[in-house]
1. Looking only at the range A:1-19, which residues are within 13 Å of chain B (Cβ to nearest Cβ) and touching a residue at least 60 places away in the same chain (Cβ under 8 Å)?
2. How about the range A:299-334: which of its residues are of a type in the set (S, T, N, Q) and either assigned to a helix (DSSP H, G or I) or over 35 Å from the mean Cα position of the chain (by Cα) (or both)?
3. Restricting the search to the range A:117-144, which residues are assigned by TED's automatic domain parsing to the domain that holds residue A:199 and crowded, with 16+ Cβ neighbours inside 10 Å?
4. Please go through the range A:62-112 and pick out each residue that is within 42 Å of the chain's Cα centre (by Cα) and within 23 Å of residue B:77 (Cα to Cα).
5. Restricting attention to the range A:240-277, report how many residues are modelled with pLDDT under 95, crowded, with 20+ Cβ neighbours inside 10 Å and assigned to a loop (DSSP other than H, G, I, E, B).
6. Name the one entry in A:50, A:8 that is among the β-branched types (Val, Ile, Thr) and in contact with a helix residue (DSSP H, G or I) (Cβ under 6 Å, 6 or more places away or on another chain).
7. When residues of the range A:100-116 are filtered for being within 11 Å of chain B (Cβ to nearest Cβ), part of a helix (DSSP H, G or I) and either small (Gly, Ala, Ser) or crowded, with 16+ Cβ neighbours inside 10 Å (or both), how many remain?
8. Quickly run through the range B:20-65 and pick out the residues that are assigned to a loop (DSSP other than H, G, I, E, B) and either more than 10 Å from chain A (Cβ to nearest Cβ) or free of Cβ contacts under 8 Å to residues at least 60 places away in the same chain (or both).
Amino acid sequence: MKQTILIVDDMEINRAILAEGFGDDYNILEAENGHQAMEIINSTENISAVLLDLVMPEMDGLGVLHRMNKNGKISQIPVFIITAADSAQMMMDAYNMGAVDVISKPFMINFLKCRVGNIIELYRRRNDLESIVDEQVKRLNKYNQSLVEILATLVEFRDCESGEHVKRICGLTEILMTAVSDMFPEYHLPKHEIDKIVSSSVLHDIGKICIPDAILNKPGKLTKEEFEVMKQHTVMGCQILTNIPDVMDKAIYNYSYDICRHHHERWDGRGYPDGLKGDEISIWSQVVSVVDVYDALVSPRVYKDPFDHETSVKMICGGECGTFNPKVLEAFNSSIDKIKAYRIQAD
Amino acid sequence: MSLTNELAKLGADIDDALQRFMGNEKLYIRMLGKLPKAVADAEVISHFESGNYDAALTNAHTLKGVMGNLSITPLYKAYSDAVALLRESKPNEAKIKIDEILPLQKDIIDCIEKYN
């Protein structure tokens, strides 16, 4: 399939010379001023190059470059300035605004075709490479995430769970983190950061792999000493993560580490392991705390039967499971329907 | 006598032009056929008379490019000089340059129109 070149020049004769020169090898589009050129650039996909005159009525060549810088097209489409070069400043301005080459009139059409063709080929190879790299990065991220999920699920199987808890934590974290971010500007996070937090939440209990079976799977209430051992899963989880930093990207590692260590901290400072208080605890760890407690309440455990949704919400909001940030609880309450629906669907 | 022979006598560099047009004489002649309209569209001298030197500069710049691409060397040189003088804010000297080549430009346009 032929590639497409846009020729922009106010003089028909100049457009005709270029169109004749390039017409055998490329599809040709023409514009006689900058406004027409921008309309074509914005409405046409896959323009391979723009041959642009500088001095034109209505909008000149520098105006076109300015707009292509503003809408980002300049990094996608190579622009060749073709000008009766008599102002060094204008040519310099064109280079500074992203033109790949400045070609003086009069030009030799053969040389011009070689110069334009070479750059089009370079851009094509660059674009191909970029899409290959994008695809590989996506696949790598997917493998990494799978590895992380496998790790978390293995830990959970030891905990006599089915592996569904970690998946539900992801879904619930997404719902509550999004609500907190939308409702409270001081906690606002862009979507791509929330996605990373969701991915990281899966590892919150990885430290449980280090807890003896007799304690982890004890059907009754833990003694004080046993509970002290159990509390160590937060710190042990971080130790495991420090040994596998390369499994995940840096941001996910940092979120995972923080959530692992602090998802049992409480707003009033009575949590563990560090006794952090209020906003000393990161908002993502606060969010995972609430959803972890919620999911534990509504799920059966070796030491208890499941509570229903309404009772669980009442226990969390009534402070029976420790004190939480009032803003997180407000977001939790406003998301109750979504949380309940998610829970029913997950079951 | 052909168009290119006549234009060569009027100062056009035909060898240079054919090199520019990949040896395609037919294409060159077709493009020459568009020159009369281009000159009419980018008329320069009236802008000197009305004192609109920006418009004079724009059109002189345009014709400089066109004459260059068609290798009409004396007109290319005259418009190049005029553009340089206008950029140096010397409109009177620029106008003299254009005035000087207008008769030759007329001969060239007449010649092309004869073959159009």
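The values are calculated or read from the model by the stated rules, or taken from the named source; none is laboratory data. What you see is a predicted model; the values in this text were computed from it and never measured. So basically every Cβ, Gly included, is an ideal-geometry build from the backbone, and we count neighbours across all protein chains shown.
1. Correct list: A:9, A:14, A:17, A:18.
2. A:311, A:312, A:333, A:334
3. The one that is assigned by TED's automatic domain parsing to the domain that holds residue A:199 and crowded, with 16+ Cβ neighbours inside 10 Å: A:144.
4. Once the filter is applied, which keeps residues that are within 42 Å of the chain's Cα centre (by Cα) and within 23 Å of residue B:77 (Cα to Cα), the range A:62-112 yields A:81, A:82, A:89, A:90, A:91, A:102, A:103, A:112.
5. 1
6. Checking each option against the conditions leaves just A:8.
7. Selection size over the range A:100-116: 3.
8. Selection gives B:21, B:22, B:23, B:24, B:34, B:42, B:43, B:44, B:50, B:51, B:52.
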